[in-house]
Each structure stands twice: as C-alpha cells, then as structure tokens.
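Here's the structure we're looking at; comments come further down.
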Amino acid sequence: MSRDLTLKINGQTYEFTIGRRLGQIPESETLLETLRERIGLTGSKMSCGQGACGCCAVLMDGKAVASCITLTAECEGKEIITIEGLGDPVTGELDPIQEAFLEHNAFQCGFCTPGIIIAVKSLLNGNPNPSEDEIKEALSGNYCRCISHYQVIEAVKSVLKGGKTE
Amino acid sequence: MTEYRHIGKVRRRQDGRAIVTGKAVYCDDIKFKNAYVAKVLHSPYPHAEIVSIDTSAAEALSGVKGVMTYKNAPAWKTGVPAHRPVMDQHLRFTGDPVAAVAAVSAQIAEEALELIKVEYKVLTPVFDVEDAIKPGAPEVYRKEDNIESKGFHYENNCLPPGSWFEGNDPPFYKIQEGDVAKGFAESDVVVEGKVSYTWTFPGAPESPFIAAGWDDETHVSVWASSQGPNMVARPLAATIGAHINVTTPNVGGSYGNKDALGYTAMLIVALAKTAGCTVKYAMTKEEHLLVYERRLNNKFMGKIGITKDGMMRALQGDWLVGTGAGSELTQGQVAEGLGELHLALNKTPNWDITAKVVVSNMIPVGIARGFGGQELKACALHLLNRALKQIDMDPVTFFKKNFCQAGDQYYWRTGHKYSNPVINYDKCFDVAAEKFGWHEKWKGWGVPTRMEGSKAYGVGFSIHSSGDPQSDETFAYVRLENDQVMVHCVVSQFGNGQRLALAKTAAEILNVPLENVTLNESDTRTDPADFGAAGSRETITAGGAVGRAAMAAKEKLLEEAAAKLGCKAKELDTKDLVVFKKDDPSVSLPWMAICPMYYSITGQGMVEGDFNHNNCVMNFVEVEVDLETGLAKIVNALSGSDVGQIISPIELKMQFEGGLGSAGMDTGQLEEFVLDTNIGRIVTHNLIDYKWRPFNELPNFETSVLESRFPTANPFGAIGIGEITGAAGPAAVLMAIENAIGGAEINEYPATPDKILKVLGKA
C-alpha cells in the first residue's frame with residue numbers, strides 16, 4: 001500500500017509517496033532524515049536522536065519541533081521552514097535573528113546554532129517581546145556544549161524592539 | 001600598548017554566515033561518492049570471550065559489502081603503547097566491537113548486525129582502579145598480549161608508564177625529589193586522605209565521525225570530525241604502513257575529545273580495507289556515550305605537609321589513573337598532570353608522587369581538555385584544603401605564595417624542568433580576586449558567605465597552569481596572488497575561533513582588509529605539518545607560523561616591488577594592497593602589478609616548540625546549596641588570566657565561559673556517568689540522563705583579563721588559554737560547596753544532592 005504525501009518546505013512543494021519500495025518514504029522515516037538525505041537540507045543537525053538537544057529543530061507551522069522524532073509521514077499539509085529557509089530566498093537577506101547572531105558572534109562550533117536560531121524564531125513568532133527569563137526558558141531545550149549561551153542571549157535581546165526589562 | 005588594525009578588535013568570523021544559514025559543512029553533511037555505511041556490533045558484556053561467531057547470514061544479505069570480525073581484521077594495534085587491537089576474541093568492556101558491517105544503507109547494515117550469531121563466554125569484570133590492581137583481579141590484558149614500552153611491561157592491569165611524548169627520555173610518571181620525611185617533620189600541619197574524581201563525558205554535540213577509503217595499496221583518504229587532523233593521520237599511518245590524507249570539515253565541538261580518534265579511525269580504515277570500499281561511520285549519540293573515549297577516572301591517596309605561614313613543605317602520594325579498557329594517550333596525561341600539579345604547588349621542596357595507569361573493564365579513556373592535570377589537581381588540591389583549614393589561610397593567599405613565578409622551574413611532560421624569566425601571574429591573583437569580591441565573600445573555611453532561608457552560599461578558588469602553549473611544531477605558508485592572501489595552516493574549525501585569529505594575524509602583518517584573506521580548508525594534502533590543536537598551543541604556534549609566513553611573503557613582495565620601482569626594499573611598505581615608498585607614498589605599485597594574474601609570492605613560517613611558556617587560568621566560583629534538597633548550583637563565576645595580548649575579545653570571553661561545560665567546571669557538582677555494575681554498562685547513555693547545563697541554568701559569569709605582552713612566538717605577544725579555562729573549576733566548586741554547607745567533607749566528585757545530604761546527615 002502506498003499513499004501520496006505533499007510536503008511544503010521553505011516555500012517549495014515536494015511530492016512523495018509513502019511506502020516500502022525503492023525511493024518511497026517508509027512510515028518510519030523521520031523528518032530529519034527526509035530533510036537531510038532526500039532534499040539535501042543539511043543545516044538541521046542530528047545529535048541526540050531523542051528530541052532532547054534541539055540541534056534538529058525546524059519550524060512546523062511556525063513552531064519549533066524536533067525533526068529527529070517527527071515522522072515525515074505525519075507532516076502532510078504542514079508548512080516546514082528549516083534554517084536554510086529563514087532568509088529571503090530572492091534577495092538573500094538574512095533573518096534579523098541570523099544577522100544578530102553574526103553581529104554578536106553568538107556561536108562557537110556552530111553545530112547547535114541552526115536549532116537555536118529556529119527556537120528563537122519560534123519564540124518570537126508567539127511572543128515578540130519576551131523577557132530575558134522567557135528567552136532562557138524558551139531555549140532550555142537547546143543544548144550548547146561550547147557555552148555560547150551568553151552571546152546568544154545578547155543576540156536575541158538585540159533583536160527585540162522595545163523588549164521588556166526584567 | 002601598540003594599536004593594531006585587526007588584533008584585539010571585534011571582527012565577524014569569516015565562516016559565520018555559513019553557520020547561521022545552515023550552509024556550514026560538517027562531516028556527516030558530505031555526500032561521499034560510492035560510500036557504504038558502517039555499523040558496529042558491540043559486546044553486551046563488560047568482560048567476555050567470543051566462543052563462536054557466524055557471520056554467514058549477514059554476508060549473504062543483499063546490500064552488505066563486507067563484514068569484519070577478529071577473524072579477518074588486520075593485525076593492527078593502537079593506543080599507548082600499542083595494545084588495543086582492531087578486534088579481538090577477548091572483549092574488554094561493554095561496547096567493545098565484536099563485528100563491523102559495511103552496507104549500502106544504515107538500515108541494511110543494522111539488519112545485518114542482527115543476523116550475526118555470537119556465542120560468548122562471560123568473564124568476571126573489574127571496574128574500580130583499586131580493585132583492578134589487587135592480586136588475583138581479573139586480567140583485562142594478558143601477558144601474551146606483549147604490551148611493552150622502553151623496558152616496562154604490562155603487569156597486574158597496569159600499562160607501561162611511557163608514551164611517545166618523551167622521545168629518548170625515560171617515561172615521566174613520578175616526581176621524586178628532596179626528602180619527604182624531612183619535609184613532613186618540618187611541617188606545622190600534615191594531612192592525609194583519599195579523593196576521587198570520576199569519569200565524565202567531555203562529548204560534543206556532533207558525535208565522532210570517520211569516513212575512509214583506500215586510494216591504492218599505500219594511500220588512504222580519511223574524513224574526520226577532528227580538531228587535529230595530523231593526530232589522526234600520523235600515528236595511524238605508522239601503525240598501518242600507509243600514507244593517510246585527512247580532511248577535517250567543520251567540527252561540531254571537540255573539547256580535546258575528538259582529536260586523534262585513534263581507535264575509531266583505525267577501525268574504519270580497517271573496515272574499508274577488508275570490505276574493499278569507502279565506508280562512513282557516524283556514531284549515534286548512544287554509541288558516543290556508551291563506547292567512545294572519555295575522561296580519566298582517578299583517585300589520589302596522599303599526604304601533604306605545610307607550614308603555618310602557608311608554604312608547602314612536602315607532598316607524597318599514589319595517583320591511580322583509571323584508563324578503562326584502553327589508553328589513547330593516558331600516559332601523556334599522567335606526565336602533563338604531574339607537571340600541572342608541579343606548576344600549582346611549585347614552591348614544594350619535597351616530592352614523592354607516583355602514578356599508575358590502570359586498565360579495567362570500563363570504556364577506554366581518550367583525550368580531553370584539562371589533560372591529566374584537571375583530574376589530579378581536583379583530587380590533590382582538595383586534600384590540601386584540609387591543611388589550609390588548620391592554618392586558617394584562604395586559598396588565594398596560599399596559591400599566590402606557592403604558584404610558579406617568573407624564573408621558577410617546573411616539570412613538563414619530558415620529565416625535564418622548564419622555566420620562563422618573564423611570564424608571571426602574581427598581578428592576576430589580586431586583580432581577579434578584587435573583581436570577584438573574594439575578600440568580602442571569603443568568611444573562612446567551612447563558613448558560608450551568607451544564608452537565605454534554606455539556601456547556603458559559599459565561595460571557592462583554584463588555579464591551573466600548563467606548559468603546552470608553545471609546545472611542538474607548526475608550519476604554515478602564505479601565498480600572495482593578485483589581491484588575495486591565501487593562508488595554509490592545518491587548523492580545524494571546532495569552535496575556538498582560531499581560524500579567525502589566523503586570518504587576522506595575516507591581515508595585520510600584510511596590512512590588508514580581513515576580507516582579502518582566505519584561509520585554506522583544513523586538509524593534510526595541502527597544508528604543511530602541525531601537531532594539531534591541543535594544550536592551547538595554536539595561539540602561539542599557528543599564530544607564530546602564520547605570522548612568520550606572512551612576514552616572509554611581505555619581504556618578497558617588497559623585494560619584487562623594489563626591483564620594479566628601482567629602489568631598495570627597505571624603503572618600501574604596503575597597505576591595502578598597494579606598495580609605496582615610505583618617504584614618498586605617491587611612488588607606489590598595486591599588488592596586482594607585482595603579483596598579476598598567474599603569479600604567486602610565497603612565504604613560509606614555522607614555530608619550533610618548547611615548554612618554557614606556561615599559561616594560567618584562575619577560577620573563582622560562588623555556589624548556592626539548598627540544604628533541604630542537597631542541590632548545589634554555581635551562581636557566580638569569574639575566570640581570570642593574563643593572555644599577553646587579546647586577539648579576539650568576544651571569542652576570548654567565550655573561551656572562558658566554555659570552561660563551564662564540556663566536562664569542565666560542571667564536573668564539580670553536575671556531570672556524572674552512572675555505571676550499573678551488574679551489567680557493566682553506564683545507564684546515563686543519552687542526553688536526557690547525562691545532564692548538561694541548559695540555557696535556564698546560567699550563573700552570572702565574569703572575566704578578568706590582563707595583557708602583559710609576553711615574549712612568546714606569537715607575533716603580538718599572546719598566549720593561549722582555551723584548553724584550561726575550566727580545568728581548575730571542579731576543585732573550586734567542591735571547595736565552595738564544602739564552605740557553603742559548613743565544612744562537612746566530600747571526597748568524591750561530583751557533589752550531587754545525594755552526597756551532600758549524606759554528609760549533612762540527612763540521607
């Protein structure tokens with residue numbers, strides 16, 4: 001048995017079929033595998049594989065999800081944005097969050113950075129003016145082993161316009 | 001102080017845009033042409049023998065290219081000295097590879113593993129270092145394994161002490177000088193005890209990755225998630241008798257731990273040979289936690305004597321260094337650990353300390369930042385606290401008296417003594433203590449700084465110093481072509497900002513915009529030799545080599561311009577890609593006229609290593625302990641140093657902050673592996689159970705940085721500190737916790753709630 005699956009990723013439409021034959025997406029395939037191995041979007045990273053570290057975060061209908069524990073077969077009709085899709089596809093202009101991360105050198109090895117930027121985007125989509133505590137809480141599902149946390153928080157604060165003071 | 005154009009200034013990392021847009025390429029992002037996927041069958045037992053193994057069904061599975069077991073694996077050995085085979089009938093820890101499969105997909109490789117039939121004979125394991133050296137303990141290796149180095153032989157679960165570090169010198173595994181009996185007799189206070197610092201996971205977010213393929217009989221191409229490509233290539237090449245070329249794309253964190261990847265690289269190069277194809281092996285996070293190299297597991301049993309005016313008189317002890325089922329470079333960590341203790345307690349006249357490298361049925365030990373000294377000092381300096389309490393002297397005052405000063409001699413890894421006539425950290429103690437508010441917060445040993453309800457606060461301090469910052473050789477060359485500066489120095493991007501520092505160094509010396517500098521990708525095919533990023537050495541060694549190469553290129557550029565302009569090179573200078581006469585800038589030539597379209601001007605540079613340049617980081621911490629729950633948290637931290645010259649201010653600050661994580665400071669109270677001794681397997685083998693510091697648990701963090709322009713081989717007088725920013729942390733944290741809880745003694749790291757409640761009599 002196979003069925004059709006339409007994915008909308010970074011504004012583009014991809015048509016697949018779900019099934020066990022060569023080239024089809026098995027029911028067990030994760031969204032992270034589909035993004036990295038079928039579509040070549042390798043900006044989302046595989047780390048813990050259990051939804052604990054945030055390295056694989058992508059936006060699904062505007063909210064951050066762990067793509068390593070999300071099944072592709074369940075993404076029908078969802079709008080997915082990865083780190084590669086945050087900037088303007090025409091002008092190449094970066095999202096203000098990406099620009100702020102550059103401005104503040106808010107990364108070291110950079111492996112967790114795409115997931116952190118996605119989590120910040122998800123936060124600001126729902127709460128354009130978070131407090132510092134709200135920023136920290138929203139990022140508590142993103143691990144960063146190099147400890148770039150302090151610069152990340154500075155970067156996020158710089159993005160906020162008229163952000164609340166503590 | 002000299003005003004620089006780039007050095008000391010905030011500059012964006014050249015690879016920053018790729019990182020924030022997801023375009024930066026890490027090993028597993030590469031599509032390897034015709035590569036097969038490797039998966040490994042791991043031993044389910046901590047100690048066993050393979051009675052029989054049948055791989056026929058796995059080999060017959062469609063899509064399987066090859067299966068390797070001890071029966072067909074090459075007879076190579078890795079480790080120091082060579083002891084760990086590619087695969088063995090004798091399995092030495094839970095996770096020891098039993099078989100490896102190369103298949104067209106991960107799914108088929110995993111399916112093949114399930115088809116392998118193995119019959120095991122289970123043997124009695126040994127885990128604890130003290131148990132392992134008792135007579136009659138289970139033998140992790142055997143006499144017939146013939147492990148030998150410089151006349152020292154494997155015996156009673158102890159590996160020979162030596163490593164290739166010492167060249168022709170005898171192994172450095174003990175410090176015996178003066179007369180400890182006399183030293184103890186002269187002491188006003190003598191304390192004795194045992195402290196243990198347990199194994200932790202320095203692990204990076206990106207799990208270890210190796211891809212390998214044999215180009216022909218004598219050439220192997222390897223892609224490695226490594227901070228030190230030559231550390232992957234050179235020792236393994238010597239082992240297997242083939243030339244190895246290593247490419248290191250972006251590395252997703254290392255912390256010293258993804259340096260040589262010695263065993264993993266050997267395993268995959270062997271599988272590529274037996275299967276006859278290119279294979280790629282991306283460890284899962286579970287494998288990373290269950291089987292990959294970790295930090296030393298160690299105990300110090302010792303005796304320390306001091307005078308009442310706070311001077312060290314004698315130190316005696318046995319350092320049991322647990323290296324699990326294998327040593328990647330543990331003997332080197334012993335040598336450097338002894339050196340680091342000697343730097344910290346440099347004024348001690350009488351020493352008798354001996355290390356033993358002990359194997360057990362635990363996960364093998366590899367390289368990790370802090371490299372021996374973090375582990376030894378976490379124990380030995382904690383024991384010292386008992387003596388300082390008796391003389392009622394605070395640790396900052398004590399270490400300022402006893403720490404190595406300019407002109408003092410210290411042991412380093414060869415077993416010889418080294419010294420620097422200029423480098424001195426005296427002023428750092430005062431400036432950093434003042435900024436932290438140490439003297440206001442210090443209320444005495446076992447006295448909390450303050451109480452708030454059930455929360456008790458306490459402060460701690462410790463210090464770390466290493467002789468590695470100018471160690472070993474680095475070569476570089478710089479090409480000037482058209483309007484570009486091309487830098488070749490095999491430095492990986494793994495988070496420390498070193499590649500930015502090198503680009504700035506070349507840009508500063510050639511006086512060009514940073515945008516005109518291209519740093520070659522880290523690849524041993526095109527970059528000259530280098531020991532690799534380790535021991536904070538690249539600031540001086542790579543910085544020095546690139547600086548000298550840029551200066552050499554500049555000299556040639558000016559000579560060639562002088563010939564064209566009909567003057568002498570010394571009359572010329574260059575700025576912004578134009579060479580001009582110093583006394584008449586209107587006489588000038590653009591670089592394009594000197595090195596036009598298809599023309600290269602090349603300068604070479606190198607730094608020959610020495611051990612006469614010691615760095616230093618001081619960790620001040622304040623902790624909060626909930627006396628009801630036993631939960632301890634770092635609430636304030638300050639790291640202090642003198643870095644000679646700041647190259648990149650934000651990256652430097654982040655290196656200090658990085659001392660919190662990656663099995664640094666947080667091993668004082670948070671990070672811990674839990675071993676189930678019934679099954680010999682760690683139970684904290686995922687990122688839910690092995691706790692890291694999250695965003696909502698950040699202490700207030702400050703730095704105190706001096707710039708004394710040290711006489712190093714770095715062109716600007718800088719010295720690196722990245723490796724050691726958290727190395728003194730655990731000792732400082734445990735001291736602070738004991739002070740917060742009123743002085744109850746904890747002698748095992750980390751100070752988790754159960755241990756704190758136990759010493760408080762509440763559990």
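Distance between the 7 Å Cα→Cβ label points at B:D309 and B:E155: 4.5 nm.
Given their separation in residues at 0.36 nm each and the Cα-Cα distance between them, B:A185 and B:S454 gain 92.5 nm when the chain is fully extended. Checking the a/c ratio against 1.5 first, then a/b against b/c, what shape does the Cα gyration tensor give for region B:455-604? Prolate. Shape analysis of region B:299-439 places it in the prolate category; the axes a ≥ b ≥ c from the Cα gyration tensor give an a/c of at least 1.5, with a/b above b/c.
Taking a probe of 1.4 Å, how large is the accessible area per residue of region B:153-300, in Å²? Write out the running numbers ahead of the final one.
Values: 4400 Å² over 148 residues.
Ligands and nucleic acids excluded, the figure is 30 Å² per residue.
Spherically averaged projected area of the convex hull of Cα atoms, region A:96-159: 3.6 nm². For region B:161-266, the list of GluC sites (Glu not before Pro) that fall in a loop by DSSP and count at most 11 other C-beta atoms within 10 angstrom reads B:E217.
Each residue of region B:275-287 was assigned a 3J(HN,Hα) from its phi angle through the Karplus curve 6.51 cos²θ - 1.76 cosθ + 1.60 (θ = phi - 60°); the sequence is 7, x, 7, 6, 10, 10, 10, 9, 4, 6, 5, 5, 4 Hz, with glycine and proline shown as x. Spin-label model, B:Q390 to A:S28: label points 7 Å out along the Cα-to-beta-carbon direction sit 6.3 nm apart. With each label modelled as a point 7 angstrom along the Cα→C-beta vector, the A:I39-B:H439 pair spans 6.1 nm.
For B:W76, the residues whose modelled amide H falls within less than 5 Å of its own, excluding neighbours fewer than 5 places apart on the same chain, are B:V86. Full extension of the segment from B:E748 to B:V674, taken as 0.36 nm per residue of separation minus the current Cα-Cα distance, would add 25.3 nm. The phi-based Karplus calculation (6.51 cos²θ - 1.76 cosθ + 1.60; θ = phi - 60°) puts the 3J(HN,Hα) values of region B:650-659 at 5, 4, 5, 4, 6, 5, 4, 4, x, x Hz, whole numbers, x for Gly and Pro.
Can you compute the helix-only [θ] at 222 nm over the protein assembly as shown? Use -39500 (n - 2.57) per DSSP H run of at least 4 residues, normalise by all residues, nearest 500 deg cm²/dmol.
My calculation for the protein assembly as shown gives -7500 deg cm²/dmol from helical runs alone.
May I ask what percent, to the nearest 5, of DSSP beta bridges between residues of chain B are antiparallel?
75
Loop-resident trypsin sites (Lys or Arg not before Pro) (DSSP state other than H, G, I, E or B) in region B:1-60 with no more than 11 further Cβ atoms inside 10 Å of their Cβ: B:K31, B:K33. Considered as an equivalent ellipsoid built on the Cα gyration tensor, region A:38-107 has semi-axes of 22, 16, 10 Å, the largest given first.
Available extension along the chain between B:L706 and B:A406 is 106.4 nm, counting 0.36 nm per residue and deducting the alpha carbon span. Within chain A, the proportion of Cα pairs with more than 27 Å between them is 26 percent. Any idea what diffusion coefficient region B:111-225 gets from Stokes-Einstein, in µm²/s, Kirkwood Rh on alpha carbon pairs, 10 °C, 1.306 mPa s? So the translational diffusion coefficient is about 77 µm²/s.
Can you tell me the FRET efficiency between A:N127 and B:A75 if r is taken as the Cβ-Cβ distance and R0 is 45 Å, rounded to the nearest 0.05?
Values: r = 61 Å, r/R0 = 1.36.
After rounding to 0.05, the efficiency reads 0.15.
Across chain B the C-alpha pair distances fall into 10 Å bins from zero in the proportions 3, 14, 23, 25, 19, 11, 4, 1, 0 percent. What a 1.4 Å probe finds exposed on chain B is 50% carbon and sulfur by accessible area, rounded to a whole percent. Note on region A:3-85: Kirkwood hydrodynamic radius from all Cα pairs is 12.6 Å, rounded to one decimal.
Look at the alpha carbon pairs under 8 Å that are at least 6 residues apart: their mean separation over the length of chain B gives a relative contact order of 15 percent.
A simple rule links phi to the HN-Hα coupling: the Karplus curve 6.51 cos²θ - 1.76 cosθ + 1.60 with θ = phi - 60°, which for region B:5-16 gives 7, 10, 5, x, 9, 6, 9, 6, 5, 5, 9, x Hz, with x for Gly and Pro.
Scattering from the protein assembly as shown was approximated by placing one identical point on each alpha carbon and applying the Debye formula without solvent; log10 I(q)/I(0) at 0.05, 0.06, 0.10 1/Å stands at -0.29, -0.42, -1.20. The relative contact order of region A:3-85 comes to 35 percent, based on Cα pairs under 8 Å that sit 6 or more residues apart.
The values are calculated or read from the model by the stated rules, or taken from the named source; none is laboratory data. This structure is a prediction, so every number in the text was calculated from the model and none was measured. Cβ: placed from backbone, ideal geometry, glycine included. Neighbour counts: every protein chain shown. These area figures cover heavy atoms from the full protein model, side chains too; ligands, DNA and RNA do not enter into them. Shrake-Rupley method; radii C 1.70, N 1.55, O 1.52, S 1.80 Å.
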